[in-house]
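The block underneath contains the structure these notes are about, expressed in structure tokens.
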Amino acid sequence: MLNLLLFGPPGSGKGTQSQKIIEKYQLFHFSTGDVLRRHRKEGTELGKQAQEYITAGKLVPDSLIIDLVKTTLRENTQVKGYIFDGFPRTVAQAQALDELMKEQNSAISGMISLLVPDDELRARLKKRAIEENRPDDQDEKVINTRIETYKNETLPVADYYKAQGKLYELNGVGDIEAIFQSICQVIDSMPQ
Ligand code: AMP
């Protein structure tokens, strides 16, 4: 089973590249951000609980996210593999994911980390705010919180997978297709 983690700060291109990866490798795409936005729209209990964190640019508590991932994985076992996009964002989430993978007699194959400088991220988020009308992309203060949260709480997740020899860092700036080709090279070199 090929189980990928797509990692990078907000605006690094995870969503765009995930779409291309799932098409080529036929993986089950799981973006915790997309699922949370759906819950908000539908007004579910989880959506209501997550709302204040998302609008402030902070992380939704681990317990809510881990429950969501647990349910989704257990409901979708007949798949070729998973691509996690925007998850895990804390070391506690990464540890929980490793346990869940073990339950399925599987493991994370590798983490692909897209490296993009801060200025470029801010420019991309501003553009996305107009194109996708995402409220958390509109406010400069919220953008700053999200980038800071990424550095403080999420970057240690890369070290967690580095220690397991599963971290692959790639340049996330430039032509979308060229970045995708370098991602494919990395995926094809991963042990499955
Ligand atoms: P994203 O679309 O991945 O940038 O996620 C948008 C927002 O949803 C984030 O700023 C967080 O508030 C929340 N979120 C998404 N995924 C997670 C996660 N794995 N852990 C905690 N919060 C998350």
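The values are calculated or read from the model by the stated rules, or taken from the named source; none is laboratory data. Since the model is a prediction, treat every value here as computed from it, not as a measurement. Because the Cβ atoms are built from the backbone with ideal geometry, glycine has one as well, and the counts that use them run over all protein chains shown.
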Among residues of region 162-179, those that are in a helix (DSSP H, G or I) and basic (Lys, Arg), counted: 1
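Residues GLU99, GLU23, GLU103: which one is acidic (Asp, Glu), away from the ligand (no atom under 14 Å from the Cβ) and closer than 30 Å to GLU177 by Cβ?
Going through GLU99, GLU23, GLU103 in turn, the sole match is GLU23.
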From (1) closer than 20 Å to ASP34 by Cβ; (2) in a helix (DSSP H, G or I), pick out the condition that doesn't hold for MET111. (2)
Does region 49-58 contain any residue that is near the ligand (Cβ under 8 Å from one of its atoms), of a type in the set (Val, Ile, Thr) and either within 18 Å of ALA158 (Cα to Cα) or out of contact with any Phe, Trp or Tyr (no Cβ under 9 Å at 6 or more places or on another chain) (or both)? yes
For region 61-81, state whether one or more residues are more than 19 Å from ARG37 (Cβ to Cβ), more than 10 Å from the ligand (Cβ to nearest atom), of a type outside the set (Ser, Thr, Tyr) and in contact with a Pro (Cβ under 7 Å, 6 or more places away or on another chain). no
Listed by first then second residue, the pairs whose first member lies in region 84-105 and is closer than 15 Å to ASP67 by Cα and of a type in the set (D, E, K, R), whose partner is more than 9 Å from the ligand (Cβ to nearest atom) and outside any helix (DSSP H, G or I), with beta carbons under 8 Å and at least 6 positions apart or on separate chains, are ASP98/ALA107; ASP98/ILE108
Just to be sure, is ILE130 within 15 Å of the chain's Cα centre (by Cα) and part of a helix (DSSP H, G or I)? no
Can we say PHE7 is without any contact (Cβ under 8 Å) to a residue 60 or more places away in the chain, touching a strand residue (DSSP E or B) at 6+ places or on another chain (Cβ under 7 Å) and within 13 Å of the ligand (Cβ to nearest atom)? no
Taking the criterion of being at pLDDT 90 or above and β-branched (Val, Ile, Thr), would at least one residue in region 121-140 satisfy it? no
Conditions (1) surrounded by 13 or more Cβ atoms within 10 Å (Cβ to Cβ); (2) more than 9 Å from the ligand (Cβ to nearest atom); (3) basic (Lys, Arg); number of the one not met by ARG89: (2)
Is at least one residue of region 137-152 more than 15 Å from GLY11 (Cβ to Cβ), in a helix (DSSP H, G or I) and in contact with a Leu (Cβ under 8 Å, 6 or more places away or on another chain)? no
